[in-house]
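Coordinate-derived values only; no laboratory data. Nothing here was measured: the structure is a model prediction, and the numbers come from that model. Ideal geometry is used to build each Cβ from the backbone, glycine not excepted, and the neighbour counts take in all protein chains shown.
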Amino acid sequence: MTALLGVELAGRRVVVAGGGPVAARRVEAMLAEGADVLVVAPAVCEQLADLVTVGAVRWRQAEVEAGDLDGAWLVHTATGDRATDESVVAWAHERRVFCVDAGGPRRAARGSARTPAQTRAGDVVLGVVSTGAADPNRSRQVLDAVADWLRGGGADLRRRRPPVPGSGRVVLVGGGPGDVDLLTVAGRRALAEADVVVADRLGPTPVLDELPADVEVVDVGKSPGHHPVPQHEINRILVEQAQRGRVVVRLKGGDPFVYGRGGEEVLACREAGVPVSVLPGVSSAFAAPLAAGIPLTHRGVVGAVHVMNGTDGWSPAALTGLRDASCTVVVLMGVGALPGLAADALAAGVPGTTPVALVEQATCDAQRVTRAPLDDVVRAAAERGVRAPAVIVLGAVAAPGLLDAEPVPAVTMAG
């Protein structure tokens, strides 16, 4: 029976007998683990030659000999010659060195170790081997099936040993516009590793119900005009929890770097010496119009998009784009500011007939779309009781029935 064993190769000598593509693939995997690799072969393939050129591996240009194994922690045969590979296996056995024998599909491998089909899920390495005759294809198929489950957040990947102070980290996860299915695979995997989740009010909050009961969830959600947990306090929570040795996921709606103040949180972590990484999310600026059937760009209609924060008021570029119909404008966090935005746009010369669409609760079951021309949108929004969160789209693409029209013909260049 074969037993799985995790082997630390960093800084340790590994000898690879052979210089072909199989050897190259195994060498690259060993280098990724920090191994000190010696390749012994009369010739090497281009892939290995490149590694030799940059000094990543050492190459002894000769047929492998018994003495090449002296001082090795692991040996790997990949010569393609049966007699040579069997000799290497025997030399490794004499020296009590584990040996992986890449015997090839036509003969049974005789080495004392096997290289599993493997992949990573965070800092967990998953490996699959056969206990009987080696069957790499079957191992790979089993591995892929289990890996898909792990990557989709199907398992609790938290560390079980007590956290070591100073060993924690922070992951900023873009949760997308609201639908849990639009949370990325990487985001779900990060949640599977989290000891603490610091969550916004927006985004895929139902995913929090899927977490193990002992995962700590800190609600720092904000609503218009009500910020119970100010940004500096959120930064402090992230840093403090990570310094306690915990894995902290900051689950944010949309994308962390699109009006999500993710940059401020990254800086706070870096200033405190806390490792921090960012996983992008589907921004509501793009997902909400799509969910409402609004193409932000459309051939023959408009080819540029301007995204702005409604609380900051109009930018000159946005007003220019609306006046000459050269771009679509997407406004985030603009529901409360809508009366002022509409009045200022009309005063700046934007046509009152400019189509406007307000998309509430985009991608969720409660999604609702309200359409009106610019000069009537405030009344329409008040009449329907439009509330945040909502994304506002202004421009020709927001007109109802755009995608029902005839396709725009291709432009024929004269000449």
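Taking θ = phi - 60°, what integer Hz values does the Karplus form 6.51 cos²θ - 1.76 cosθ + 1.60 yield along the stretch 172-184, in sequence order, with x for Gly and Pro? The phi angles translate into 8, 10, x, x, x, x, x, 5, 4, 5, 8, 6, 5 Hz.
What does the extension gain come out to for R110 and A272, with contour length at 0.36 nm per residue minus their alpha carbon separation?
Net length gain for the segment: 53.1 nm.
Measuring between their Cα centroids, the stretch 355-381 and the stretch 316-340 lie 14 Å from each other.
For the listed peptides 53-66, 197-210, a ranking on the average number of other beta carbons within 10 Å per residue, highest first, reads 197-210, 53-66. Label zone of L31 (point 7 Å out along Cα→Cβ, amide N under 20 Å): in the stretch 55-85 this covers 55-62, 73-79. Averaging Cα coordinates gives a centre for the stretch 27-43 and one for the stretch 254-285; these two points are 37 Å apart.
The label point for A62 and the one for R95, both projected 7 Å from the Cα toward the Cβ, are 1.3 nm apart. Based on alpha carbons, the Rg and Dmax found for the stretch 286-400 are 12.6, 37 Å. Close amide-amide hydrogen proximity is noted between D36 and G11, R12, R13, V14, each under 5 Å apart and 5 or more residues distant or on a separate chain (H modeled in the peptide plane; Pro and chain starts excluded). Here the gap between T353 and H232, fully extended at 0.36 nm per residue and compared with their Cα-Cα distance, gives a gain of 39.3 nm. Sorted on the mean count of surrounding Cβ atoms within 10 Å across their residues, most packed first, peptides 362-369, 380-387, 246-253 read 246-253, 362-369, 380-387. The calculated FRET efficiency for the pair V7 and N309, based on their C-beta separation and a Förster distance of 41 Å, comes to about 0.20. Sequence-distant contacts, meaning Cα pairs under 8 Å at least 6 residues apart, place the relative contact order of the stretch 169-282 at 44 percent.
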